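Visitor: One structure coming up, written as structure tokens, with questions to follow.
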Amino acid sequence: MGKLRGFLDYDRTVEKNIPVYKRIKNFKEFTIKPDDDELVKQGSRCMDCGVPFCHSGCPLGNLIPEFNDAVHNKNWREALEILHSTNNFPEFTGRLCPAPCEAACVLGLISPPVSIEMIEKYIVERGFSEGWIKPNVPQNRTGKKIAIVGSGPAGLAAAQQLNTAGHSVTVYERDPKIGGLLRYGIPDFKLEKSIIDRRVNLMIEEGVKFKTSTEIGKDIEINKLKDDNDIVLLCGGATIKRSLPIPGHNSSGVVQAMDFLKNQNEIVDGLKKVIPELDARGKNVIVIGGGDTGSDCIGTSNRQGAKSVVNFEILPKPPKDRSHENPWPYWPFTLKSTSSHEEGIKREWSILTKEFIANDKGQLTGLKTVEVKWDKKTNNRPKLVEIENSEKIWPCDMVLLALGFTGPEKNIADDLNLKLDSADKPLTNNYKTSHKKVFAAGDLRRGQSLIVWAISEGREAAYKIDKELMGNSKLHSKTKGDLPLVK
């Protein structure tokens, strides 16, 4: 694959960014496209490794050496066909995926891995700019009707796959626009929403129907949806936000990250005006939570004009390199710094928030923390220990809780009398719930996860639904053990 000695001849490169002082003045994407010759070189770094562990690292099973080889040979259209054969939306994953494929790249054993995510992004962008990506309208319809609840990446992937199989698909979304967390959770500086609209418009031309501002259980009863369709697929996500139930948690100024991020996305979209309670301008901001959502809060706070931003993480600072307990090709638990961390941030590790402090008007003025350490594992779980005399008061005006989600909302599952697990997720067998006409996929089924996993879930659920309705399926499935046909 690629150039035989490409990994020796060329160093890894990644996208360059617009300088911080320029990019924090707006919410636009800020990456700079490499020239095509550089992308060809990066594709040429893909070595003939024999066993491509990148395949197993990618939840979609993308045919990475194959599309890298096509890029190396400047066969961009072939590369696009290979990429689209396993991934409905590489324009999303090419921007937002943490690239577990790169963590599993064999080249990573001896050298920096292949820049797979960057190559993927510019394959699909080349496809759009050249006009190669056109609506794929099915020639025949099966007469089967499928309703999908939720228009995040899982719902969109399932909709496109099932429509390709010839079924009539309607996607229901309670927000005014399509995209789920892609639209209302991911900041525009990581994904401009015209990227979503571009793909959704293609899907509409392909025959997928979308009903927005329509909440199931409020505007339409779930049982009516079930009765009117052959199959209902639940892709509503894991939307119950994790709280921090400590003294003062109801203080004004303690804000859930997703409320903060969604409001800013709606402002950029012209749907809402600035709400002072959700505006970081001139405030000392503390972000609790060190994951991607916390990083998004940091970048958004800096663009809003925060006076200062501090990030708390309860875990210890990760090492720069893999430990012996975390070998290749597993996901590396190493120190990761995002573009938002470059924009002005102080990071604090091994710190636990004990109390939110407010004035007599209930307005947040600070918080109390304690340093912690993690003792050796007891019953296979490390124990959190507070360090004596390490209390500290941090003055702040806004705290953003980026603590993740506990699970999906229960109202639809309760109305359908579905069997649930301890996290309120539907129990499924081959994506089918305890009701024979109801399937589930995405974060609602597997719990909070990555966008690439959501797309994979949607594709797999579509395969199972198609097989359920038709007796067999020509859709691609990782679990079926087949490889997609590439023209």
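Visitor: When the Cα centres of region 115-187 and region 269-313 are compared, how far apart do they sit, in Å?
Guide: 30 Å
Visitor: Given the chain, report the % of alpha carbon pairs whose separation exceeds 44 Å. If you can, show how the numbers build up before the last one.
Guide: Numbers: 18097 of 118341 pairs.
Of all Cα-Cα distances in the chain, 15 percent exceed 44 Å.
Visitor: Under a straight-distance cross-link criterion of Cα-Cα below 16 Å, which aspartates and glutamates are reachable from Lys467, leaving out those fewer than 8 residues away in the same chain?
Guide: Asp230, Glu457, Asp482
Visitor: Just add up the charged neighbours of Pro98: K/R +1, D/E -1, any other residue whose Cβ is under 10 Å from the Cβ of Pro98. Show your work: numbers first, answer last.
Guide: On the way: positive: Lys336; negative: Glu102, Glu117, Asp292.
After counting each charged neighbour, the total is -2.
Visitor: Ok, one more. Once the Cβ-Cβ distance between Trp132 and Val385 is put in as r, and R0 is 56 Å, what FRET efficiency do you end up with, to the nearest 0.05? Spell out each step's value before the answer.
Guide: Working: r = 57 Å, r/R0 = 1.03.
The formula returns an efficiency of 0.45 here.
Visitor: Let me ask something additional. Can you give the extra length, in nm with one decimal, that the chain gains between Asn140 and Lys373 once fully stretched, where that is 0.36 nm per residue apart less the Cα-Cα distance? If you can, show how the numbers build up before the last one.
Guide: On the way: separation 233, 0.36 × 233 = 83.88 nm, distance 6.16 nm.
Difference between extended and current length: 77.7 nm.
Visitor: Right, here's the next one. What fraction of the DSSP beta bridges in the chain is antiparallel, stated in percent and rounded to the nearest 5?
Guide: If I count the DSSP bridges inside the chain, around 40 percent turn out antiparallel.
Visitor: Another question, if that's okay. Starting from the Kirkwood radius over alpha-carbon pairs of region 127-274, derive D by Stokes-Einstein at 20 °C in a medium of 1.002 mPa s and give it in µm² s⁻¹. Each step should come with its number before you reach the end.
Guide: Details: Rh = 17.1 Å.
The Stokes-Einstein estimate is 126 µm²/s.
Visitor: Based only on other Cβ atoms within 10 Å, what is the fewest-to-most ordering of Ile123, Ile387, Ile24? Don't jump to the answer; show the numbers that get you there.
Guide: Values: Ile123 27, Ile387 12, Ile24 20.
The most exposed by this proxy come first: Ile387, Ile24, Ile123.
Visitor: Something else now. Provide the net charge surrounding Asp269, with neighbours chosen by a C-beta distance below 10 Å and charges set as Lys +1, Arg +1, Asp -1, Glu -1. If you can, show how the numbers build up before the last one.
Guide: Values: positive: Lys177, Arg183, Lys193, Lys272; negative: Asp188, Glu266.
Result for the local shell: +2.
Visitor: Could you give the nm distance between label points at Ser213 and Asp269, where each point is 7 Å from its Cα heading toward the beta carbon?
Guide: Modelled inter-label distance: 1.2 nm.
Visitor: Evaluate the Kirkwood expression for the hydrodynamic radius of region 63-208, namely the inverse of the mean inverse distance over all pairs of different C-alpha atoms, and round to one decimal in Å. Write down the numbers at each step before the final one.
Guide: Working: mean 1/r = 0.0608 Å⁻¹.
Averaging 1/r across every pair of different Cα atoms and inverting gives 16.4 Å.
Visitor: In cubic angstrom, how much convex hull volume per residue do the alpha carbon atoms of region 243-403 span? Mind showing how you got there, number by number?
Guide: Details: hull volume 22.6 nm³, N = 161.
Normalising the Cα hull of region 243-403 by residue number yields 140 Å³.
Visitor: So, one more: Note down the Stokes-Einstein diffusion coefficient of region 1-149 in µm²/s, whole number, using a Kirkwood radius over alpha carbon pairs, 25 °C, and 0.890 mPa s. Display every interim value, and only then the final one.
Guide: Details: Rh = 16.5 Å.
D = 148 µm²/s.
Visitor: Using Cα centres only, tell me the gap between region 432-449 and region 362-421 in whole Å.
Guide: Taking the Cα centre of each part, region 432-449 and region 362-421 sit 26 Å apart.
Visitor: Further, regarding this structure: Return the unpartnered cysteines for the chain, using a Cβ-Cβ cut-off of under 4.7 Å.
Guide: Cys46, Cys49, Cys97, Cys105, Cys235, Cys297, Cys396
Visitor: Give the residue list of GluC sites (Glu not before Pro) in region 356-398 that are DSSP loop and have at most 11 other beta-carbon atoms within 10 angstrom.
Guide: Working: sites: Glu371, Glu386, Glu388, Glu391; in loops: Glu388, Glu391.
Those satisfying the criteria are Glu388.
Visitor: If I take R0 = 51 Å and measure r between the Cβ atoms of Tyr21 and Ser323 in this structure, what FRET efficiency does the formula 1/(1 + (r/R0)^6) give, to the nearest 0.05? Don't jump to the answer; show the numbers that get you there.
Guide: Numbers: r = 37 Å, r/R0 = 0.72.
E between Tyr21 and Ser323, to the nearest 0.05, is 0.90.
Visitor: So what J values fall out for region 349-363 if you push phi through Karplus, 6.51 cos²θ - 1.76 cosθ + 1.60 with θ = phi - 60°, rounded to Hz, Gly and Pro as x?
Guide: Each residue of region 349-363 in turn: 10, 6, 9, 10, 7, 9, 7, 8, 9, 10, 7, 5, 9, x, 8 Hz.
Visitor: OK, next. Counting Lys and Arg as +1 and Asp and Glu as -1, what is the net charge of the other residues whose Cβ lies under 14 Å from the Cβ of Ala280?
Guide: Details: positive: Arg281, Lys283, Arg303, Lys307; negative: Asp259, Glu277, Asp279, Asp296, Glu343, Asp397.
Result for the local shell: -2.
Visitor: Within straight cross-link reach of Lys74, meaning Cα distance under 23 Å, which lysines are found once same-chain residues fewer than 8 apart are removed?
Guide: Within the straight-line cut-off, Lys74 pairs with Lys3, Lys16, Lys33, Lys41, Lys121, Lys134, Lys487.
Only the coordinates and a few stated rules stand behind these numbers; no lab work does. Predicted model, so just to flag it, every value in this text is computed and none were measured. Neighbour counts run over all protein chains shown; Cβ positions are idealised from the backbone, glycine included.
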